[in-house]
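To keep things clear, I will list the structure first and then write my remarks on it.
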Amino acid sequence: MSTDVPPSVLVLNCGSSSVKFALVDPNTGRRQVSALAERVGSPDCEVRLSRDGQHQTSTPAGTSPHAVIEHLLDALTESERAGLVGVGHRVVHGGTRFAASAVIDDDVLSVLDGLIDLAPLHLPANLDGIRAAQAVLPDLGQVAVFDTAFHQSMSPAAYRYAVPADWYHEHQVRRYGFHGTSHRYVNARAAELLDSPVESLRMVTVHLGNGCSAAAIRDGRSVDTTMGLTPLEGLVMGTRSGDIDPAVLGYLAPRLGLDLAALINVLNTRSGLLGLSGISNDLRTIINAAQAGSADAELAIEVFCHRVAKAIAAMAATLGRLDAVVFTGGIGEHSAEVRHRVLAGLAVLGVHENPAANASHGKGSRGRISSANSVPVLVVPTDEELVIARDTVELTR
Ligand code: ADP
């Protein structure tokens, strides 16, 4: 590789119908290229690629993940291709086998094949993406970065469900937790902003995006989190219910004439902010509707914030001491309104908002949105792609 070509890692996030693709400089975090392919697998698959603020849309020749990745690589310049040092894959589930990112080899692939039942919608798509990238870029090291890995440090007290023990021993039914890459990143970044070593801090990190979760992090290690066997447990999300009494399913199945799979599909796709508001899964739309007088939209925001505050308090209790609260994700980073409502419920923990700093999202105050006498509360933009790029370089060096 010539010295004037900046190194970059190809970061791939292959979902069931989309491929996110980014060339990330692992040193600076700069995106040389980023692209999103939507409706992968269908004839109207479309790719949008951005480079230096310019956007272009194109249609790949084929619709498989393989064809889409090939199409995206073809769109790179000679020098972008020359700078590639590895491929990092976001992988939804690593079961109990992966407590850290891993170089992908046949053994890793066969472990992942065995975990498909735990994430039947996402893991097959992740595996398709890995196999396609291996075929198209056979000379580059490939690394898997797992959403679950960071939470493997939870103790049985946090990860076991109070159900018959053989559900755990024979069927791996336990809490795994997700968004681990994001919680890990913002924990480390918040420690930097607080000028304290990560090993001396107990903090609650709150990722609020389309999916939402909170984590309790002690000395840099996750000790509890709100998501469970799947990303359905815990907080209210865009379309997911979060926690409900499981007996609701038994009660409703005969009344609605729906089987379990159909009801769980409703909990995943038609619940959360969308279900409560009846308007949208997108918080911005819901806030606008609430301001225009929709009581259902207002209630959706109230339930969402009530549950976030409750979860932060529960996570703080598991830590025994609270040194910081950190907000991240699209909602956590951008919605002063949600943060304001959540913080209003946390005075009991010594958490107090600085309204002006909150309104400016902590910009100009090293992320801090709390008052001087408060446990520090920070807004920290997450960057999962940068973590994936850095892990890839580290493991393939
Ligand atoms: P994903 O989890 O898919 O990565 P994001 O982290 O981008 O999603 O979060 C999406 C959510 O963030 C949506 O509910 C969106 O409305 C919300 N959001 C983004 N920007 C703002 C904003 N300025 N104000 C309020 N909510 C916002």
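Coordinate-derived values only; no laboratory data. Predicted model only: the values in this text are computed from it and were never measured. Here Cβ is always computed from backbone atoms with ideal geometry, including for glycine, and neighbour counts include all displayed protein chains.
Looking only at residues in the stretch 1-12 that are of a type outside the set (Ser, Thr, Tyr) and crowded, with 23+ Cβ neighbours inside 10 Å, which one is nearest to ARG397 (Cα to Cα)?
So in the stretch 1-12, the residues of a type outside the set (Ser, Thr, Tyr) come out as 1, 4-7, 9-12.
This time we only want the ones that are crowded, with 23+ Cβ neighbours inside 10 Å, so: 9-12.
On the way: VAL9: 12, LEU10: 15, VAL11: 16, LEU12: 19 Å.
Applying the filter and picking the extreme gives VAL9.
Restricting to the stretch 322-338, and then to whatever is in a strand (DSSP E or B) and more than 10 Å from the ligand (Cβ to nearest atom), can you tell me which residue is surrounded by the fewest Cβ atoms within 10 Å (Cβ to Cβ)? Reasoning before the result, please.
Taking the stretch 322-338 first, the residues in a strand (DSSP E or B) are 324-328.
Filter once more, so that each one left must be more than 10 Å from the ligand (Cβ to nearest atom): 324-327.
Details: ALA324: 25, VAL325: 27, VAL326: 28, PHE327: 34.
If we take residues in the stretch 322-338 being in a strand (DSSP E or B) and more than 10 Å from the ligand (Cβ to nearest atom), then ALA324 is surrounded by the fewest Cβ atoms within 10 Å (Cβ to Cβ).
For the condition closer than 30 Å to LYS20 by Cβ, in contact with a His (Cβ under 6 Å, 6 or more places away or on another chain) and in contact (Cβ under 8 Å) with a residue 40 or more places away in the chain, what is the one hit in VAL387, VAL393, VAL379? Steps first, answer last, please.
Working: VAL387 fails: in contact with a His (Cβ under 6 Å, 6 or more places away or on another chain); VAL393 fails: in contact with a His (Cβ under 6 Å, 6 or more places away or on another chain).
Answer to the selection: VAL379.
So, in the stretch 28-65, how many residues would count as being assigned to a loop (DSSP other than H, G, I, E, B), surrounded by 14 or more Cβ atoms within 10 Å (Cβ to Cβ), at negative phi and not aliphatic (A, V, I, L, M)? Steps first, please.
If we filter the stretch 28-65 for residues that are assigned to a loop (DSSP other than H, G, I, E, B), which is where we start, we get 28-30, 39-45, 52-53, 59-64.
After this cut, where a residue has to be surrounded by 14 or more Cβ atoms within 10 Å (Cβ to Cβ) as well, the list is 40-41, 45, 60, 63-64.
Narrowing further to those that are at negative phi: 40, 45, 60, 63-64.
So of that shortlist, the ones also not aliphatic (A, V, I, L, M) come out as 45, 60, 63-64.
Number of matching residues: 4.
So, in the stretch 265-297, of the ones that are without any contact (Cβ under 8 Å) to a residue 12 or more places away in the chain and of a type in the set (A, V, I, L, M, F, W, C), which residue ends up nearest to the ligand (Cβ to nearest atom)?
My answer is ALA290.
So which residues in the stretch 1-27 are under 23 Å from ASP139 (Cβ atoms) and assigned to a loop (DSSP other than H, G, I, E, B), if there are any at all?
MET1, SER2, THR3, ASP4, VAL5, PRO6, PRO7, ASP25, PRO26, ASN27
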